[in-house]
Amino acid sequence: MQCLMQCLMQCLVLCLALGGAASLALPLSCWAQEQTQEKAGDEDAGATTSWQDGAAREPRWSLGLAVLSSPEPYVGASNETRVVPLVQYRSERLSFEGLGLRYHLARGERLGLDAVLRARLDGFDAEDSPLLRGMADRRRSLDAGLAATWQLGELAIGEVRLGRAELGARVTADVLGRSDGLEAAVELRLGRRLAGGRLLLRPSLAAVWQSDDLINYYYGVRPTESLPERPAYEGRAAIQLQLGVMTLYRVSPHVGLLVLAQVERLADEVRASPIVDARQAFLGLVGLSYSF
């Protein structure tokens, strides 16, 4: 177990070094859950996670690579496309999925409670853009907290079946002292299987609240960093909305093709910063993984 924990922490450090989008952990946690489920017998079976079924499975890994594109919202920052690892481990209680660790504290037929540790990949290096030079780097961090999941069952509007719904909520805090910020999120996810269960469509909608300290650290301008073209700015708490869709196609019982698209509406408190020149943040990812 000690060796496993060291491996998982090294994966988190690797994710921090590679950089990317902070919101990537949310949709990839859905991918990780689906990678551990057996092939469904009908179109919608297994579209959401069963806590009791998950507890009965043997430990399992998924490894792969993905191409990630996620433009930074900061002024003058370039849009980098990079290759990132897809690594997942899942056992009865411990899992590493997306950019975070989870430890299952309690499970019921519909409810689950986890302790979570998540990589936060916000931030910039002052050398990323001439317009950021003279500022202190905003460093990536780790958040820890609690996450709850509630299986809502089949959702439909009239005669139209939307799929199985899942409601998630989490509260996390910066544990490395970068921003000393807090974050709380509520997310609704739908799961619908097609093509005999081989194709999963999973749209999601999330509202993410971020505290004064978090917004001010990543998007504020300190008085000592201010210039005529970059006035001082103190960020305030804000709510940001995220809309995404994940598609997972099982090429074979062990191989999965993942396609992910997500857009985040930046809050007014973020867009008002003189170092931000975007109204939305976008993320696109295409990856291939092997489960064993």
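The residue that is nearest to the chain's Cα centre (by Cα), among those in segment 180-200 that are modelled with pLDDT of 95 or more and of a type in the set (Gly, Ala, Ser), is Ala185.
Do the conditions hold for Glu234, that is, is it closer than 28 Å to Leu132 by Cα, among the charged types (D, E, K, R) and at pLDDT below 95? Against the criterion (closer than 28 Å to Leu132 by Cα, among the charged types (D, E, K, R) and at pLDDT below 95), Glu234 does not qualify. Identify the single condition in (1) assigned to a strand (DSSP E or B); (2) buried (at least 21 other Cβ atoms within 10 Å of the Cβ) that Thr247 does not satisfy, given that it satisfies every other one. The single condition Thr247 does not satisfy is (2).
Please verify whether segment 94-103 includes one or more residues that are under 30 Å from Asn216 (Cβ atoms), surrounded by fewer than 19 Cβ atoms within 10 Å (Cβ to Cβ) and of a type in the set (D, E, K, R). Looking through segment 94-103, none of the residues is under 30 Å from Asn216 (Cβ atoms), surrounded by fewer than 19 Cβ atoms within 10 Å (Cβ to Cβ) and of a type in the set (D, E, K, R). Residue count for segment 252-292 under the criterion of being assigned to a loop (DSSP other than H, G, I, E, B) and either free of Cβ contacts under 8 Å to residues at least 24 places away in the same chain or of a type in the set (Ser, Thr, Tyr) (or both): the result is 3. For first residues located in segment 93-114 and closer than 15 Å to Gly168 by Cα and part of a strand (DSSP E or B), partners that are among the aromatic types (Phe, Trp, Tyr) and modelled with pLDDT under 90 and lie 6+ apart or on another chain with Cβ distances below 6 Å form the pairs Arg107/Trp51; Gly112/Trp51.
Taken over segment 109-133, the criterion of being within 30 Å of Asp277 (Cα to Cα) and over 18 Å from the mean Cα position of the chain (by Cα) is satisfied by Phe124, Asp125, Ala126, Glu127, Asp128, Ser129, Pro130, Leu131, Leu132, Arg133. Which ones in segment 262-280 are under 26 Å from Arg192 (Cβ atoms) and surrounded by 16 or more Cβ atoms within 10 Å (Cβ to Cβ)? If the condition is that a residue be under 26 Å from Arg192 (Cβ atoms) and surrounded by 16 or more Cβ atoms within 10 Å (Cβ to Cβ), then Gln262, Glu264 are the ones that fit.
Write out, first by first residue and then by second, each pair whose Cβ atoms fall under 6 Å of each other, whose residues are 6+ apart or on separate chains, and whose first residue, in segment 174-196, is at negative phi while the second is outside any strand (DSSP E or B) and of a type in the set (Phe, Trp, Tyr). What qualifies is Ser179/Tyr217. For segment 188-214, a residue qualifies if it is more than 17 Å from Glu264 (Cβ to Cβ), among the aliphatic types (A, V, I, L, M) and buried (at least 18 other Cβ atoms within 10 Å of the Cβ), and the qualifying residues are Leu190, Leu200.
Within segment 72-96, track down each residue that is under 30 Å from Arg279 (Cβ atoms), at pLDDT below 90 and in contact with a strand residue (DSSP E or B) (Cβ under 6 Å, 6 or more places away or on another chain). Matches in segment 72-96: Thr81, Arg82, Val84, Leu86.
The values are calculated or read from the model by the stated rules, or taken from the named source; none is laboratory data. Only a predicted model underlies this, so the values are computations on that prediction, with no experimental measurement involved. With ideal geometry, Cβ positions are generated from the backbone for all residues, glycine too; neighbour counts draw on all protein chains shown.
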